[in-house]
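Student: Below is the structure I would like to discuss, written out as structure tokens.
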Amino acid sequence: MTRRIVVRLLQAAAVLAVVATAVFVLLQFAPGDPFAAALDGTNVPPSVRMEWRARYGFDLPPAERFVRWIGALAHGELGYAASRHRPVADVVADAVPRTLLLVGVALALGFAAGILVGLVQARHHRRWPDRLLGALTLGGVAMPEFLLGLLAMTWLGARWRLFPVAGIASLGDTATWPAWERALDLLWHLALPAVVLAVGVAARVARHQRAALLGVLGEDYIRTARAKGLGEWRVLWHHALPNAIGPVLALLGLALPSLIGGAVLIERIFGWPGMGLTLFDALLARDYPLVLAAVLLATVVAVVARALTDVVAESVAPRRARIP
Amino acid sequence: MHLLTPRRLAIALCCLAACRGGDAASPGGILVVSAGADAETLFPPLTVGNQGRAVTELLYDKLADIGPGLNTIGDGGFVPKLASRWEWSADSLTIAFHLDARARWHDGRAVTARDVQYAFRVWTDSAVGAAQRNALATIDSISTPDSLTARVHFRERTPEQFFALVYTLIPLPAHRLAALPDSALHDAPEMRAPVGSGPFRFVSWTPRVQLELAANETYYGGRPTLDGVVFAVAAQGATVAARLLSGEADFLEQLSPTDFAQLPADGRVRAQAFGGFDYAFVQFNIRDARDAGRLHPLFGDRALRRALTMAVDRATVVRSVFDSLARPAIGPFSRTQWTADTTLTGIPFDVAGAARALDSLGWRRRGGDGMRERAGQALAFALLAPASSRTRQAAAVLLQAQFKAAGVQVTIEQVDFNAFLDRAHRGAFDAMVGGVRASPSPRGVRDLWGTSAPGRGALNWGRWSNAAFDVQVDSALAASDTASVRAHFRSAYQTAIDDAPAIWLYEPRIFAGLHRRLTTGAIRPDAWWSGVARWSIDPAQRLPRDRRAAVPR
């Protein structure tokens, strides 16, 4: 086990190094820098632009900037987000918890709903509930998240006013509200973006869960359970599901990075100020240190998620996990 | 689809009339502004964008403010703010500003002449890198004969010296900031919780989420009618509009044509017109994109530029893209600028005339596709357009079709905004759909269209050069009476129109979106936020969020 962890850590470090270098090099091919995005096209004099660039090291050759950036990173410094007039670490510290909350809730909702739908489909195999839910999950997989987000924002937010259009808290002096009221307010703002993100996850999980359940429902132990007179739901819940959940849990490792990718657009649509929106803004502003930090964080999350998935899969089905 | 239907126009005019009579407002209510961008900083010298200006100018007062007429010559029409009065020296090289003795910083300390002097130092220190530092280049120093008098000494007299000073320089609280080195001001924590002198005080700022201001109860100009202002930020254009349409926000600075079409029929949200300073154009690159030492093979030819201008039906382009929410531009200025002249003679849309002109230049239609060529070279060019602007993209497509009808082959190059700026800056384009937001001062025309040289032409990306234009602009900017300024600018503008460095495309009509509970006065075109202290919210239409009064924490 220890050897596996060490190997995993080395792999993760290699992935991070490759991603960091690749992103830095790719960004060099993109035109502009934070000051071009903010100042070009304005009447800010060239001397001021040069001063701003020199202040944050954007007048240095790319190779030197890369070496400096890597050196700072080794000391735990992420640099300075010139577009925000703040250290990158501060910007990230604000944004990461919000994205974790959004993605975490979406993941939990998506898996819970997906497993439930998969159970219902397996219970009513080849009957109308199965066909109806099958069509809906197909739609859920096919529907782009940004489109669903825009539809939800327009209809449920702007037109029917059931949910707030954007943001993470009601406008005004919410800081003086009691904690429970603030928590409810946060959940109310979280509802639309989290559900929109969860739809795709739920659809994929449901399709996998249905297939996995149907795969085990023909097994001898299921037949035995039915022969003992157990109800169909009890058979599904207590006997089939534990044996069919492994492959679905393995989806966690794949779902997390894709959810983080989806969060970029969803956070933008719903004004949710997490890492996705931060990355989007940073790209538009050509704020390279912030882009690099965001991409590195996303990579870390993907690597950790993959490792956790392996551990979960191994603990759920040890024999399966040991197969090379 | 007519966006500005007679019914909507009538509603807008009625609302406008109602707004003008809305002085008897009771205090209270929180104005929620739906904003598409956040303030980049709350430190006035570093603000570049409109959002930063809006917030900092609600927090900090200037010495004086431009009047409703937007005059920029002398001090005519300027409104006293921190300075209750001012006196000019006989030679106009010194202006003594007498500060209002009632003016206080939000921490209770009096605003003094030292604050003005300190602000000047900060603005002109290269360690700070103030964005508009050049505007103060004609000021030599500021002296403080007493605590309430700031004497500004100029190196030279210029017609806009008063405007340049008061429009740019915002007094800063020396008692809080002077202890910090200037180079540390960029990132100082004090900049994230500013103490100003304006009608609203800072409450909180969650970057990219919301920024909250509260009424300054002890404001020397009288307490604002509103209890507070909240800027609610969203990055997506559709979300910004949806906030207003759903009632979550009270105000949106600019409705897009799409937003306008979505205004609810029940009058819950209305549109209020205010003149903007934007204008857009197709800018020709006069120099070869690969070798700036040579003229562009096509656009170096004035006659060809004029012929191409003649081939464009700008009225149709404007109607198709904006319906009635824009009008064809006249020249290198906005109609809102006080030097604007609507009697200038433009190059008319004339398909037959354009065809004759192109024929006479040797660009003849070839068989087959009907495109024009000369000596085997096709009359073709690339039109650069930023992907960030849907209206400019739409205009580019329509122009492409109109040029094709004239036998000119146009390829649209749609690029990301940063790439657009980069290529524009390097002159790496044939022609581009450009746009600018002018300011009340007509001085900007020298940067945009003047011959590239130190102090001028910094934004003249098409590298057009016309000595007659430069001379007229210089004369206009040196003239001290408005009649002369207007006459010189008229001549300069006409020269630019005749020489066709660009096809003057459109000027959007700016409509703000307002919730019906909000009452405003006339909105100043260059700074919608300038009158917010006197805006009010109908007590009968207050919401729970208004009762949760914003208080400093």
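Student: Would you mind working out the accessible area per residue for the range A:103-233, using a 1.4 Å probe, and quoting it in Å²?
Tutor: Value returned for the range A:103-233: 51 Å² of accessible area per residue.
Student: Shielding of B:245-255 by partners, i.e. mean partner chain Cβ atoms within 10 Å per residue?
Tutor: If you average over the peptide's residues, the count of other-chain Cβ atoms is 3.
Student: OK, next. Put +1 on the Cβ of every Lys and Arg and -1 on every Asp and Glu Cβ in the protein assembly as shown; which of B:Ala178, A:Ile269, B:His98 then has its Cα farthest towards the positive end of the dipole?
Tutor: So the residue we want is A:Ile269.
Student: May I ask for the angle, rounded to the nearest 10°, between helix A:179-216 and the longest principal axis of chain A, with both axes built from Cα atoms and the value confined to 0 to 90°?
Tutor: 50
Student: How far is helix A:275-284 tilted off the main Cα axis of chain A, in degrees rounded to 10, range 0 to 90?
Tutor: Between helix and principal axis, roughly 40 degrees.
Student: Continuing with the same structure: Straight-line reach from A:Lys228: which aspartates and glutamates have Cα under 16 Å away, leaving out those fewer than 8 places along the same chain?
Tutor: A:Glu219, A:Asp220
Student: By average Cβ neighbour count within 10 Å, what is the ranking of B:478-486, B:296-304, B:430-438 from highest down?
Tutor: So the peptides B:478-486, B:296-304, B:430-438, ranked by packing, come out B:430-438, B:296-304, B:478-486.
Student: A follow-up question, please. Taking the mean number of other Cβ atoms within 10 Å as a proxy for protection, how do you rank B:335-343, A:274-282 from highest to lowest?
Tutor: Highest-to-lowest ranking by the protection proxy: A:274-282, B:335-343.
Student: Tell me the total accessible area that A and B bury against each other, 1.4 angstrom probe, in square angstrom rounded to 100.
Tutor: 4200
Student: I'd like the chymotrypsin sites (Phe, Trp or Tyr not before Pro) in the range A:159-214 restricted to DSSP loop residues with at most 13 other Cβ atoms within 10 Å, sorted by number.
Tutor: When the chymotrypsin sites (Phe, Trp or Tyr not before Pro) of the range A:159-214 are filtered for loop state and at most 13 Cβ neighbours within 10 Å, A:Trp160 remain.
Student: Which one of A:Val25, A:Ala112, A:Gly79 has its Cα pushed farthest toward the positive end of the charge dipole of the range A:1-124, where Lys and Arg give +1 and Asp and Glu give -1 at the Cβ?
Tutor: Sorting the options by dipole projection puts first A:Ala112.
Student: How far is helix A:2-29 tilted, in degrees, relative to the longest principal axis of the Cα atoms in chain A, given as a value from 0 to 90 rounded to the nearest 10?
Tutor: 50
Student: Report, in debye and to the nearest 20, how large the dipole of the protein assembly as shown comes out about its Cα centre when Lys and Arg carry +1 and Asp and Glu carry -1 on their Cβ.
Tutor: The calculated dipole for the protein assembly as shown is roughly 2640 debye.
Student: A further question on this structure: Determine which lysines satisfy two conditions relative to B:Lys81: a Cα distance under 20 Å, and not lying fewer than 8 residues away in the same chain.
Tutor: Straight-distance partners of B:Lys81: B:Lys62.
Student: Under the classification rounded if a/c is under 1.5, otherwise prolate if a/b is larger than b/c and oblate if not, where does the range A:90-315 fall, given a ≥ b ≥ c as square roots of the Cα gyration tensor eigenvalues?
Tutor: The shape class here is prolate.
Student: Moving on. Given the DSSP H assignment, sum -39500 (n - 2.57) over each helix run of at least 4 residues in the protein assembly as shown and divide by its residue total; what's the result at 222 nm in deg cm²/dmol, nearest 500?
Tutor: Helices in the protein assembly as shown give a 222 nm mean residue ellipticity of -14000 deg cm²/dmol.
Student: Please compute the per residue accessible area over the range B:457-553 with all protein chains in place, 1.4 Å probe, rounded to a whole number of Å².
Tutor: Here the residues of the range B:457-553 average 36 Å² of exposed surface.
Student: Going toward the positive end of the dipole of chain B, with +1 on Lys and Arg Cβ and -1 on Asp and Glu Cβ, which of B:Ala357, B:Ser491, B:Tyr167 do you reach last?
Tutor: Highest projection toward the positive end goes to B:Ala357.
Student: Report the local net charge at B:Asp91: Lys and Arg +1, Asp and Glu -1, summed over other residues whose C-beta lies under 11 Å from its C-beta.
Tutor: Around B:Asp91, the surrounding residues sum to 0.
Student: Under the classification rounded if a/c is under 1.5, otherwise prolate if a/b is larger than b/c and oblate if not, where does the protein assembly as shown fall, given a ≥ b ≥ c as square roots of the Cα gyration tensor eigenvalues?
Tutor: Verdict is prolate for the protein assembly as shown.
Student: Counting only trypsin sites (Lys or Arg not before Pro) that are in a DSSP loop and have at most 15 other C-beta atoms within 10 Å, tell me the longest site-free stretch of chain A.
Tutor: It works out to A:1-125.
Student: Right, here's the next one. With a 1.4 Å probe and all protein chains left in place, how much accessible area per residue does the range B:64-182 have, in Å²?
Tutor: Result: 39 Å² per residue.
Student: Further, regarding this structure: Of the heavy-atom accessible surface of the range A:2-87 (probe 1.4 angstrom), what whole percent is carbon and sulfur?
Tutor: The nonpolar share, carbon plus sulfur, comes to 70 percent.
Student: Which whole number gives the average, over all residues in A:158-170, of C-beta atoms from other chains lying within 10 Å of the residue C-beta?
Tutor: Mean inter-chain Cβ contacts per residue within 10 Å come to 6.
Student: Arrange the residues A:Glu145, B:Glu160 by how much accessible surface each exposes, largest first, with a 1.4 angstrom probe.
Tutor: Accessible-area ranking of A:Glu145, B:Glu160, largest first: A:Glu145, B:Glu160.
Student: Counting only protein heavy atoms and a 1.4 Å probe, tell me what percentage of chain B's accessible area is made up of carbon and sulfur.
Tutor: 53
Student: Who wins for biggest fluctuation among A:Ala302, A:Ala191, A:Ala175 in a Gaussian network model of chain A, springs between alpha carbons below 10 Å?
Tutor: Looking only at A:Ala302, A:Ala191, A:Ala175, the biggest GNM fluctuation is shown by A:Ala175.
Student: Roughly how much of A:Glu64 is accessible, in Å² to the nearest 10, using a 1.4 Å probe?
Tutor: Taking all protein chains as shown, A:Glu64 has close to 80 Å².
Student: Follow-up question, since we're still on this one. I'd like the Karplus ³J(HN,Hα) series for the range B:189-204: coefficients 6.51, -1.76, 1.60, θ = phi - 60°, whole numbers in Hz, and an x wherever there's a Gly or Pro.
Tutor: x, 4, 6, 9, 9, x, 10, x, 10, x, x, 10, 10, 6, 10, 7
Student: Explain nothing, just the number: dipole magnitude of the range A:90-315 about its Cα centre with +1 on each Lys and Arg Cβ and -1 on each Asp and Glu Cβ, in debye rounded to the nearest 20.
Tutor: 1080
Student: Using the Karplus curve 6.51 cos²θ - 1.76 cosθ + 1.60 with θ = phi - 60°, work out ³J(HN,Hα) for each residue of the range B:382-387 in order, rounded to whole Hz, and write x for Gly and Pro.
Tutor: 9, 10, 7, 9, x, 5
Student: Related question: How much of the accessible area of the range A:134-183, in percent, comes from carbon and sulfur atoms when a 1.4 Å probe is used?
Tutor: The nonpolar share, carbon plus sulfur, comes to 73 percent.
Student: Quickly rank B:77-89, B:269-281, A:250-262 as a protection proxy: mean count of other C-beta atoms within 10 Å, highest first.
Tutor: The packing order, highest mean first, is B:269-281, A:250-262, B:77-89.
Student: Now for a separate question. Only Lys, Arg, Asp and Glu count, each charged at its Cβ (+1, +1, -1, -1), so figure out the dipole size of the range B:419-553 about its Cα centre, rounded to 20 debye.
Tutor: For this selection, approximately 1100 debye.
Student: Let me ask something else. Ignore the peptide's own chain and count Cβ atoms of other chains within 10 Å of each Cβ in A:21-32; give me the average, rounded.
Tutor: 2
The values are calculated or read from the model by the stated rules, or taken from the named source; none is laboratory data. Fair warning: this is a prediction, and the values are worked out from it, not measured in the lab. Neighbour counts are summed over all protein chains in view; Cβ atoms, including those assigned to glycine, are modelled from backbone coordinates with ideal geometry. Accessible surface is based on the protein model in full, side chains and every heavy atom, while ligands, DNA and RNA are left aside. Shrake-Rupley method; radii C 1.70, N 1.55, O 1.52, S 1.80 Å.
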